[in-house]
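See below for the structure under consideration.
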Amino acid sequence: MPLRDKVKAIFKKYGFTVVAVLSAVGVIIGTIVSNMKNALNKLGKGLGNGLKSVGKKLVKCCLMTGVIASFIFKTAGEGLDF
């Protein structure tokens, strides 16, 4: 049910009273908090997936760096043995 319809239903039920105004404000605040929570969940999941992707790329980079360093030191060691 859209927010506008919820607020209209509250005012139809209670008229324009303090109870109706407080209920409408409560519904509006609840909707805002719910939307913020959903947005933060999506942001968190997106950020988590992004960090996982960066982590995977970093591991590949570190592995390649390790392989290259190993090759360089092995070659240098063979050169010194000569």
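Only the coordinates and a few stated rules stand behind these numbers; no lab work does. As the structure is a computational prediction, the values presented were derived from the model and not from experiment. Every residue, glycine among them, receives a Cβ derived from its backbone with ideal geometry; neighbour counts consider all protein chains shown.
Think of segment 22-82 as having a plus end and a minus end, set by charges on the Cβ of Lys, Arg, Asp and Glu; of Thr75, Val27, Leu58, Val27 sits farthest toward the positive end of this dipole.
Taking the structure as given and computing P(r) over Cα pairs in 5 Å bins from 0, in percent, which label from (1) 3, 12, 10, 10, 7, 7, 6, 6, 6, 5, 5, 4, 4, 4, 3, 3, 2, 2, 1, 0; (2) 3, 17, 27, 24, 16, 10, 3, 1, 0; (3) 3, 13, 23, 18, 10, 5, 4, 4, 4, 4, 4, 3, 3, 1, 0 fits? The listed entry that was calculated here is (1). Here's the list of lysines a cross-link from Lys8 could span, going by alpha-carbon distance under 27 Å and ignoring same-chain residues fewer than 8 apart: Lys37. Dipole magnitude for the chain: computed about the Cα centre from +1 point charges on Lys and Arg Cβ and -1 point charges on Asp and Glu Cβ, it is near 700 debye.
Work out the FRET efficiency for Ala39 and Lys60 from their Cβ-Cβ distance, taking R0 = 25 Å, and round it to the nearest 0.05.
Details: r = 32 Å, r/R0 = 1.28.
Result of the calculation: an efficiency of 0.20.
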